[in-house]
1. Under 1.5 on a/c is rounded, so check that first for segment 137-195, then, if it is not, pick prolate when a/b is larger than b/c and oblate when it is not; a ≥ b ≥ c are the square roots of the alpha carbon gyration tensor eigenvalues.
2. Once the convex hull of the alpha carbons of segment 1-56 is built, what does its volume come to per residue, in cubic angstrom?
3. First measure r as the distance between the Cβ atoms of L150 and K5, then evaluate 1/(1 + (r/R0)^6) with R0 = 35 Å and state the FRET efficiency to the nearest 0.05.
4. Which pairs in the list K47/K128; K51/K128; K128/K181 are over 30 Å apart, alpha-carbon to alpha-carbon?
5. Using 0.36 nm per residue of separation minus the Cα-Cα distance, give me the extension gain between D167 and K181 in nm, one decimal.
6. Where does segment 121-168 land on Rg(C-alpha)/(2.2 N^0.38 Å)?
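No lab work stands behind these numbers, since they all come straight from the coordinates. In this text, all values refer to a predicted model and were calculated from it rather than measured experimentally. Here the Cβ positions follow ideal geometry from the backbone for every residue, glycine too, while neighbour counts run over all protein chains shown.
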Amino acid sequence: MASIKGPAPAPTSFPGADKLRIGIVHARWNEECITPLVQGCVETITKAGVKPENIVIESVPGSWELPHGVSRLISGSQVQASSNVSDLMGATSLLDDNSKPSTPVAGSSSKPSKAALDAVIGIGVLIKGSTMHFEYISESCCSGLMRVGLDTGVPVILGVLTALTEDQALERSGVGRGANKGHNHGLDWGSAAVEMRLVAAG
Ligand SMILES: O=c1[nH]c(NC[C@H](O)[C@H](O)[C@H](O)CO)c([N+](=O)[O-])c(=O)[nH]1
């Protein structure tokens, strides 16, 4: 019997998306998953009509730091620019970019704009280990991101995979090891960010 789980189809047109500025803050753990998740997110954000120069990508050490990183990005202070969009699309790893000093997003002015962000996606990948660390970080990260969104009024999209196995994480990043590569959830998070700003805001 086919599963009934899964999101309804997202809207396909987003009038006004060309005016939006979207932020992505990603953790620097489990980059085999992080890189495709961020790429998937950027893919649907740009397909919706957001200009590449209006996508700000920064990174934090791990998922525990995501709420703080998202909050600081919304408040206008840079966390750590990890890559610009044009470099990202061909990237196989985001980590190399972190050795570079902060770089503005492709096509932007000499220094990254601090104009207000319309939505932010927090991306992290937690994989259960042999201790309770996973549970504590997962709960704190997810409730922290929810609080930042509610406190600031800026839509914060939950882009955190809480996987019990490596294969679960890889499949939900669209890079599964077996024949079934899975579905890249980053694609859904990108359209959710644009939708929450345009459709939900009315
Ligand atoms: O993003 C992650 N951070 C992880 N830990 C680091 C944590 O998020 C903090 O960066 C660290 O504790 C420093 O505050 C992970 N594990 O420990 O397994 C993990 O799986 N994913």
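1. oblate
2. Hull volume normalised by residue count: 113 Å³.
3. Computed FRET efficiency for L150 and K5: 0.85.
4. Numbers: K47/K128 33 Å; K51/K128 36 Å; K128/K181 20 Å.
K47/K128; K51/K128, as the Cα separations exceed 30 Å there.
5. 4.1 nm
6. 1.24
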